[in-house]
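Scroll down for the structure; my scribbles are underneath it.
The values are calculated or read from the model by the stated rules, or taken from the named source; none is laboratory data. None of these values were measured; they are calculated from a predicted model. Using ideal geometry, Cβ is built from the backbone for each residue, glycine included, and neighbour counts are taken over all protein chains shown.
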Amino acid sequence: MNKKYPELTVGAFILSKKGKLLLVVSPKWGYLYSIPGGHIRYGESVFDAVVREAREEVGVKVKPVRVIAFQEVCYPDHFYDKERHFIFVDVLCKALSNDVYVDGQEIHGYIWIDPQKALRLPLEKYTRRLILHYLRRRRGVNPIFFAAASRPKQQTQE
């Protein structure tokens, strides 16, 4: 039996010293702008995972500040595999370097941009929601939870 479970992942909401947000272009997300991130490994803390993912995906050293949002995403529209269920733990991070590495496979491009101006870009919708939340509550310390709308279960024939 092949059981499916939600996948626990981190998103790195990386800000430069000048307040610019790092957005990346990934084929996994339909070549839309999104934030770097990935799976949390068993036994790894959220902050350790976000540091590792930022380094692995874009080569940026970061210092995690705080969790800013939890997002539940079922059957993501723009993800290459629509049959997924993610729990995103989005972490505000300070960039300790601005040098970005693009591998041409997972990441095809990037931009450092003012978060307000980022809203004019073609963003993946969960990144758009996260940026809007950040802009409304920049100084807020309480993270928000965005629950997913469930897809209706298929009716079985008896």
Checklist line | Condition met for Val67 (in contact with a Ser or Thr (Cβ under 8 Å, 6 or more places away or on another chain) and either under 20 Å from Pro6 (Cβ atoms) or acidic (Asp, Glu) (or both)) | finding: no
Checklist line | Where Leu121 falls short, out of the listed (1) surrounded by fewer than 17 Cβ atoms within 10 Å (Cβ to Cβ); (2) of a type in the set (A, V, I, L, M); (3) at pLDDT below 95 | finding: (3)
Note to self: Condition check: over 15 Å from the mean Cα position of the chain (by Cα), at pLDDT 90 or above, small (Gly, Ala, Ser) and on the phi < 0 side of the Ramachandran plot. Does Ala95 satisfy that?
What the structure shows: yes
Margin query: Yes or no: the range 49-64 includes at least one residue that is assigned to a strand (DSSP E or B) and at pLDDT below 95.
Written below: no
Next item on the list: Could you tell me which of the residues Ile87, Ile107 is part of a strand (DSSP E or B) and either exposed (fewer than 12 other Cβ atoms within 10 Å of the Cβ) or in contact (Cβ under 8 Å) with a residue 12 or more places away in the chain (or both)?
Entry: Ile87
Note to self: Considering only residues that are in contact (Cβ under 8 Å) with a residue 24 or more places away in the chain, more than 18 Å from Gly109 (Cβ to Cβ), in contact with a helix residue (DSSP H, G or I) (Cβ under 8 Å, 6 or more places away or on another chain) and not small (Gly, Ala, Ser), which ones fall in the range 16-54?
What the structure shows: His39, Ile40
Next item on the list: Sort out which residues of the range 29-57 are closer than 17 Å to Leu130 by Cβ and of a type outside the set (Gly, Ala, Ser), and write them in order of number.
Entry: Trp29, Leu32, Tyr33, Ile35, Pro36, Val46, Val50, Glu53, Glu57
